[in-house]
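Contents: one structure, followed by commentary.
The values are calculated or read from the model by the stated rules, or taken from the named source; none is laboratory data. Small disclaimer: the values here were computed from a predicted structure and weren't measured. Cβ: placed from backbone, ideal geometry, glycine included. Neighbour counts: every protein chain shown.
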């Protein structure tokens, strides 16, 4: 769907300005992304004892290990339920939850404890010039909680992609956008309609079509314009694998996906989960996949979260051709 020549010209001028800001902002964003494990702590406990044969109390000090809270714990449940189940804790605080409702897997994230990294794929975006490229980076590997597919191929007409001062597809006014700022926060909305924030510096933007949910209401075309409005499908089927990312009124992020969904079902699941705005991400079974990462001594292992998903080779821990998003502990 064309956004009009005037919008394209304005968007290109805006993109020039945004790109300049992105370049300046890279260092600031990366500085916020540092992390490390907490040192082992001890607690000194002083007790009073009566020495044998003594008439007075003697004070004895003993150093005992104090409880150490792990910086990150991720647990993937064998079976998710309709209710929210905690799947990740950051410094002892619940940071991510999972639920499954009516064929939709939902992952919810607390942005006070996590941040989003937008990755370019080796084909979508290419391998050169990206801070976050085609696999989970060494700076993320011990802090990653989850990762999931990005949007449509960057050759599609209604997409945009920029990160860290590098642009793969020019940003367009009016498109649904996932905007991450240099302070580590992410918002979802329509580019040029409240986004980006004038008070923050943009680090990355992923655009894909128009908003699936806005003001807590599904788009009017989710039932009447399935293929033309919400993407071509394999075999022109209307019920296929679909995914989306929404944001709640309190700023929590909600990812939703399922293997057999109509756009209306995906939107309704997000609204029921509290999303006030949402963007449809990729569709079709080859490209819809999400993982939780359980951490071991040798590194994380990816656990699929969508029942029946075909999956992505390497589970996004190895180079992947398409763009994707990761959720990383602060």
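A few notes on this one:
- Some residue of the stretch 308-318 being in contact with a strand residue (DSSP E or B) (Cβ under 7 Å, 6 or more places away or on another chain) and crowded, with 24+ Cβ neighbours inside 10 Å: yes
- Filter result for residue 264 (over 20 Å from residue 152 (Cα atoms) and either modelled with pLDDT of 95 or more or assigned to a loop (DSSP other than H, G, I, E, B) (or both)): no
- Residue pairs meeting the criteria (Cβ under 7 Å; at least 6 apart or on separate chains; first at positive phi, in the stretch 299-322; second outside any loop (DSSP other than H, G, I, E, B) and surrounded by fewer than 21 Cβ atoms within 10 Å (Cβ to Cβ)): 308/259; 311/304
- Some residue of the stretch 235-258 being outside any strand (DSSP E or B) and buried (at least 22 other Cβ atoms within 10 Å of the Cβ): no
- Residue match in the stretch 115-122 (condition: more than 29 Å from residue 250 (Cα to Cα) and either surrounded by fewer than 20 Cβ atoms within 10 Å (Cβ to Cβ) or modelled with pLDDT under 95 (or both)): yes
- Residue check, residue 138 closer than 27 Å to residue 163 by Cα, under 20 Å from the mean Cα position of the chain (by Cα), surrounded by fewer than 16 Cβ atoms within 10 Å (Cβ to Cβ) and modelled with pLDDT under 95: yes
- Remark: pairs (first residue in the stretch 86-106, on the phi > 0 side of the Ramachandran plot and surrounded by 15 or more Cβ atoms within 10 Å (Cβ to Cβ); second residue assigned to a strand (DSSP E or B) and at pLDDT 95 or above; Cβ separation under 9 Å; 6+ apart in sequence or on different chains) = 103/258; 103/259; 103/260; 103/261.
- Test result for residue 205, in contact (Cβ under 8 Å) with a residue 40 or more places away in the chain and assigned to a loop (DSSP other than H, G, I, E, B): no
- Test set (1) assigned to a strand (DSSP E or B); (2) buried (at least 24 other Cβ atoms within 10 Å of the Cβ) - residue 276 fails condition number: (2)
- Subset of the stretch 291-307 [surrounded by fewer than 17 Cβ atoms within 10 Å (Cβ to Cβ), modelled with pLDDT of 95 or more and not in a strand (DSSP E or B)]: 307
- Single residue of 223, 157, 177 found to be out of contact with any helix residue (DSSP H, G or I) (no Cβ under 9 Å at 6 or more places or on another chain) and not in a strand (DSSP E or B): 157
- Residue check, residue 232 surrounded by fewer than 20 Cβ atoms within 10 Å (Cβ to Cβ), within 29 Å of residue 127 (Cβ to Cβ) and free of Cβ contacts under 8 Å to residues at least 12 places away in the same chain: yes
- So residue 83, is it surrounded by fewer than 20 Cβ atoms within 10 Å (Cβ to Cβ) and under 17 Å from residue 203 (Cα atoms): no
- Among the residues listed as 213, 288, the single one being in a loop (DSSP other than H, G, I, E, B), touching a residue at least 60 places away in the same chain (Cβ under 8 Å) and surrounded by 24 or more Cβ atoms within 10 Å (Cβ to Cβ): 288
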